[in-house]
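The values are calculated or read from the model by the stated rules, or taken from the named source; none is laboratory data. Here the structure is a predicted model, which means the values were calculated and not measured. Here the Cβ is made from the backbone with ideal geometry for all residues, glycine too, and neighbour counts use every protein chain on show. We work out accessible area using only protein heavy atoms, side chains counted, and drop any ligands, DNA or RNA first. Shrake-Rupley method; radii C 1.70, N 1.55, O 1.52, S 1.80 Å.
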Amino acid sequence: EYKSYLSMVVPDTFEDRPTEFFVRDPRINGRGSFRKKGGNLRPTVTIGYNNLADIDEPDVKNVVNVLRRRYLNNTFYTFIGDILVYMPPFSGISIYTDEDVQYYCDNNAFDPDLKPHIYSFADRVYSNMLFWKRNQCVIMTGPSGSGKTINTKQFLSYIQSVSGGWDISNTLKTRLAHLFNVLDCFGSSQTDDSIYASKYTSQLQLKFNYFGDIVSCQLKTCLLEKSRVTGPPPGESNFHIFHLLMEHIGSDGKAYPYLKNTNHTFALKVTLPSIQVWDLMTVSVSDFS
């Protein structure tokens, strides 16, 4: 089981933050705004419970029934206390749009009537950091194909959207996009459960100034599944980078003459479970520059 660790670090001078800087009070369970006055809360229909901690009898049967009802109604996020549970839709349903970002930015993430989402979770973490002036840590954990990578990316995307106010945020957003493309090449493979199954654990640290803007980012990786290079599990692919290389060798093999002998490429001779991954990847030379 691989994990993604995200830490959000406040500056040493956070106590000197301007007094007129408005942040959301996480102690208030009501509707409010963040960086803006007022917010239009869209009418939502609550399917079951937004927070499973509110169930009177939280036994296995009741919890599973609530999650099933929410899933069938395209509600894929549910809180359990402060923990956010995600059930992958495994479909083309769009739940990460600019409108969703604006919606959760305009409304109080601590409102119990607000529909749970990775954006509302990110807003809670960000608000806690600003209000309490304390470092925050988020752990994305689950089996292969459970959505750790996509939720990590969407978490970062939301934080970058609400922090704003500094040119470095846009530059960092572009660099992170290139970085994740590179990680998808060298650290992900296609399995029965996921096209981009991450085979490593990552630790990402974001640092902020006293205005709440991102000023730097540091990424560390570990526990890479190196055994996949020489012997991927039956029916699964090797790391994407090898398939991308093999795809561009050409019929004559002149580009990589040392790979001309197909006996040396046994690790790549597998039947991919579904679609060709490289047809979907947007990796380019600029990602490696």
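Summary table below
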{"quantity": "Segments 128-136, 207-215 sorted - mean Cβ within 10 Å per residue, highest first", "calculated": "207-215, 128-136"}
{"quantity": "Amide H partners (placed H, <5 Å) of Gly145, local residues excluded", "calculated": "Ser198"}
{"quantity": "Convex hull volume of the stretch 100-230 per residue (C-alpha atoms, cubic angstrom)", "calculated": "120 Å³"}
{"quantity": "Computed over the stretch 154-232: relative contact order in percent, which uses C-alpha pairs under 8 Å that are six or more apart", "calculated": "26 percent"}
{"quantity": "Surface accessible to a 1.4 Å probe, per residue, for the residues of the stretch 173-240, Å²", "calculated": "47 Å²"}
{"quantity": "Cross-link pairs Lys148/Lys226; Lys133/Lys173; Lys61/Lys153; Lys173/Lys220; Lys61/Lys133 - those with Cα-Cα distance over 28 Å", "calculated": "Lys61/Lys153; Lys61/Lys133"}
{"quantity": "Alpha carbon centroid spacing (whole Å) that separates the stretch 182-223 from the stretch 61-94", "calculated": "24 Å"}
{"quantity": "Virtual paramagnetic centre 7 Å along Cα→Cβ of Ser7, amide N under 19 Å, in the stretch 116-149", "calculated": "125-130, 132-141"}
{"quantity": "Peptides ranked, highest mean first, by Cβ atoms within 10 Å: ranges 142-155, 79-92", "calculated": "142-155, 79-92"}
{"quantity": "Nitroxide proxy distance, nm - points 7 Å out along Cα→Cβ at Gln102 and Arg69", "calculated": "3.2 nm"}
